[in-house]
Amino acid sequence: MIDTVKPVVHNFNAGPSVLPKEVFEEASKAILNFNDTGLSILEIGHRTPLFQPVMDEARSLVKQLMQLDDDHEVLFLHGGATTQFMQIPMNLLNENDIAAYTETGTWANKAIKEAKLFGHVEIAGSSKETNYTSIPKNLTVSPTAAYLHITTNETIAGTQWHNIPYDCGVPLVADMSSDILSRQLDFNKFDLIYAGAQKNMGAAGVNLVVVNKNILGKVNRTIPTILDYRNHIAEGSMLNTPPVFSVYVAMLTLQWLKEQGGVAAIEKLNNEKAALFYDTLDALPLFKGPVAREDRSKMNAVFVMEDTALEKEFLDLCKKEGMVGVKGHRSVGGFRISMYNALTIESVKVLTDLMKEFAIKKG
Ligand SMILES: *Cc1c(COP(=O)(O)O)cnc(C)c1O
């Protein structure tokens, strides 16, 4: 028996993070009895007629939700977004060539470090001088660069690109780990998009890669079989055993998103949640948001209190009210709340009400 009664929790975790209740329910059923087969999803072959439709549907849903054209291939790969930090330059950057990277925080810097193992990196724009509290506005990209890399949402710094540099003149590569499928973008204008699933589209253990196949096959190094995107495309994202359960959870989350009305509908809700949070933040002098207003992330909001002694008191109150994941990242301090697709506006309201109450009490 599955005990479905559990305490009410408002989950602001940064990742792994909140998923729709319906997804948890379906996923638990599939562990015990997958599609009424009497088998668990954990004990069936990945090339069977039982699992193949899961992979097919997960890939097809990404195509539909992102409205991708036929040049863009959808892959579900192992290794998290961190593996993409090296797999991208390995597949796209020749040893003597340049790749352009934007330097916007922890995640961008990790991507830059790996790219340097394969070729030259030029920094097209940086917000290091503002301690990553903003997004660089004027980019300089060499016309000969193999690609430009951006981190569309910096999960730790709490910044987000609201003006995507679509017209940078070179192939555009994006780490969308923490805002994938949260807003409408012109996804076909990206040549490679990657995202670890565990923030906004599923369980840990799989990452989504969307790649324009026309940019592949242009480097002259030998790429190990498992790291060559072309092999994964040729095998329909089944080059080896995929992370079966994580792909299934991603499929359920994508189905849920489609039922909600797709990316346009979820973007509207995400805008409402972010507006509720930031309007409250701006109205209360007790709290401060370090991020430049125009670059604030709608997924991960970072905030602090001038009086750090009060921070602990506020965190304790959050805990008492069933809120988890409100504490800031260890490198930034203060608070961070993540408002991913599956977080309800009610959860944001519980938090903002507490912020207002606390501000009055301390006023
Ligand atoms: C979490 C995160 C990553 C790392 O993802 P893993 O799946 O743990 O490798 C990379 N980029 C961004 C923007 C992230 O938020």
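The values are calculated or read from the model by the stated rules, or taken from the named source; none is laboratory data. What you see is a predicted model, and the numbers here were worked out from it, not measured in a lab. Every residue, glycine among them, receives a Cβ derived from its backbone with ideal geometry; neighbour counts consider all protein chains shown.
Per-structure values
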| read-out | value |
| --- | --- |
| Long-range neighbours under 6 Å by Cβ, at least six apart or interchain, first residue under 10 Å from Asn341 (Cβ atoms) within the range 257-272, second β-branched (Val, Ile, Thr) and surrounded by 16 or more Cβ atoms within 10 Å (Cβ to Cβ) | Gln260/Ile266 |
| Hey, Leu68 part of a helix (DSSP H, G or I), modelled with pLDDT of 95 or more, closer than 30 Å to Gly217 by Cβ and within 19 Å of the chain's Cα centre (by Cα) or not | no |
| Scan of the range 195-221 for residues that are assigned to a loop (DSSP other than H, G, I, E, B) and surrounded by 24 or more Cβ atoms within 10 Å (Cβ to Cβ), ordered by number | Ala197, Gln198, Lys199, Asn200, Met201, Gly202, Val206 |
| Some residue of the range 187-194 being within 13 Å of the ligand (Cβ to nearest atom) and surrounded by 16 or more Cβ atoms within 10 Å (Cβ to Cβ) | yes |
| Test: Ile88 is assigned by TED's automatic domain parsing to the domain that holds Asn212, closer than 15 Å to Tyr229 by Cβ, at pLDDT 95 or above and within 15 Å of the ligand (Cβ to nearest atom) | yes |
| Matching residues in the range 91-106 - criterion: being within 16 Å of the ligand (Cβ to nearest atom) and either surrounded by 22 or more Cβ atoms within 10 Å (Cβ to Cβ) or not assigned by TED's automatic domain parsing to the domain that holds Ala145 (or both) | Tyr101, Thr102, Thr104, Gly105 |
| Of the criteria (1) more than 11 Å from the ligand (Cβ to nearest atom); (2) modelled with pLDDT under 95, which one Phe76 fails | (2) |
| Residues of the range 6-28 that turn out to be closer than 15 Å to Thr253 by Cβ and not in a strand (DSSP E or B), as a count | 14 |
| Check on Ala203, within 15 Å of the ligand (Cβ to nearest atom) and out of contact with any strand residue (DSSP E or B) (no Cβ under 9 Å at 6 or more places or on another chain) | yes |
| Sole residue being in the same structural domain as Gln84 (by TED's automatic domain parsing), hydrophobic (A, V, I, L, M, F, W, C) and more than 14 Å from the ligand (Cβ to nearest atom), chosen from Leu208, Leu172 | Leu172 |
| Selected residue (criterion: farthest from the ligand (Cβ to nearest atom)) from residues of the range 117-137 that are assigned to a loop (DSSP other than H, G, I, E, B) and surrounded by 17 or more Cβ atoms within 10 Å (Cβ to Cβ) | Gly119 |
| Unique residue being closer than 22 Å to Arg296 by Cβ, touching a residue at least 60 places away in the same chain (Cβ under 8 Å) and touching a helix residue (DSSP H, G or I) at 6+ places or on another chain (Cβ under 8 Å) when the list is Leu181, Leu192 | Leu181 |
| Verdict on Met90 being in a helix (DSSP H, G or I), under 24 Å from Gly196 (Cα atoms), of a type outside the set (Asp, Glu) and over 19 Å from the mean Cα position of the chain (by Cα) | yes |
| Segments classed as helices (runs of 4 or more DSSP H), wholly inside the range 230-345, with at least 1 members that are farther than 30 Å from His78 by Cα | 262-283, 308-320 |
| The range 138-157, residues that are away from the ligand (no atom under 11 Å from the Cβ) and modelled with pLDDT of 95 or more | Leu139, Thr140, Val141, Ser142, Pro143, Thr144, Ala145, Ala146, Tyr147, Leu148, His149 |
